[in-house]
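The values are calculated or read from the model by the stated rules, or taken from the named source; none is laboratory data. Please read these numbers as outputs of a predicted model, since none were measured by experiment. Backbone-built Cβ (ideal geometry, glycine too); neighbour counts: all protein chains shown.
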Ligand code: ADP
């Protein structure tokens with residue numbers, strides 16, 4: 001379980017995240033929604049220990065990310081698709097990550113197959129299209145077969161078949177009792193994938209509810225979202 005308590009982040013005068021508290025539960029896909037600049041990426045970076053909070057805390061199964069022994073086996077994360085060094089071959093990028101966490105080389109080939117990159121394993125990441133880079137980022141997130149997945153805009157750049165595949169994968173993970181947090185600006189896609197929503201605006205919590213509760217009475221998720229964030 002991911003728990004965020006009174007989390008805040010200031011960059012100079014900008015308050016990116018403002019006293020945010022929520023919990024992401026296992027067994028369902030939680031969509032993380034907010035307008036551009038709402039603080040979604042900043043929140044995810046703080047959950048992953050990549051940014052230091054100005055206040056509050058984020059915990060993964062009760063511990064800060066830095067305290068996890070083999071982090072890739074606890075949380076699979078993708079913040080930016082293009083996280084691999086452009087000169088490194090896809091398989092080598094994953095091998096390096098796997099070995100740093102005591103994960104077998106065999107698992108690297110498994111995830112390459114799983115994300116549809118087995119045929120491109122020896123190509124350099126710098127030559128990948130956006131969609132292929134997203135798939136490589138997803139492969140890295142899945143490497144440790146983690147009970148928690150945290151993905152920032154994973155649908156970006158994926159082709160329709162990739163979007164369909166990812167939707168099934170996330171739902172499948174949740175059905176296995178895992179915890180899945182996925183940020184998105186695509187309402188229709190979120191409506192198809194998520195069971196629950198955490199909605200933020202200007203760094204603050206606007207809603208923490210099931211999709212059905214959130215949409216109740218509105219004609220669509222998009223309409224409910226626009227109403228909730230006051231746009
Ligand atoms: P979202 O992911 O919801 O689009 P972000 O977390 O990227 O939002 O950004 C939230 C706010 O924090 C924005 O106003 C953004 O400009 C600001 N911000 C994010 N990262 C930095 C940074 N490294 N330095 C300064 N401001 C930042």
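Of the residues 43, 30, which single one is in a helix (DSSP H, G or I), in contact (Cβ under 8 Å) with a residue 40 or more places away in the chain and either under 16 Å from the mean Cα position of the chain (by Cα) or within 14 Å of the ligand (Cβ to nearest atom) (or both)? Give the derivation first.
Working: 30 fails: in a helix (DSSP H, G or I).
After applying the criteria, what remains is 43.
I'm checking my understanding of the structure. Among residues of segment 50-69 that are more than 15 Å from the ligand (Cβ to nearest atom) and in a loop (DSSP other than H, G, I, E, B), which one is modelled with the highest pLDDT?
Result: 64.
Pick out the one residue from 77, 38 that is within 16 Å of the ligand (Cβ to nearest atom), in contact (Cβ under 8 Å) with a residue 40 or more places away in the chain, within 19 Å of residue 179 (Cβ to Cβ) and within 18 Å of the chain's Cα centre (by Cα).
The match here is 77.
Right, residue 110: in the same structural domain as residue 202 (by TED's automatic domain parsing), away from the ligand (no atom under 16 Å from the Cβ), without any contact (Cβ under 8 Å) to a residue 24 or more places away in the chain and outside any loop (DSSP other than H, G, I, E, B) or not?
Considered against the rule, which asks whether it is in the same structural domain as residue 202 (by TED's automatic domain parsing), away from the ligand (no atom under 16 Å from the Cβ), without any contact (Cβ under 8 Å) to a residue 24 or more places away in the chain and outside any loop (DSSP other than H, G, I, E, B), residue 110 comes out as no.
Which helices (runs of 4 or more DSSP H) does segment 139-223 wholly contain that include 3 or more residues that are touching a strand residue (DSSP E or B) at 6+ places or on another chain (Cβ under 7 Å)? I'd like the intermediate steps shown before the answer.
Numbers: elements: 160-175, 187-193, 211-215.
In segment 139-223, the matching helices (runs of 4 or more DSSP H) lie at 160-175.
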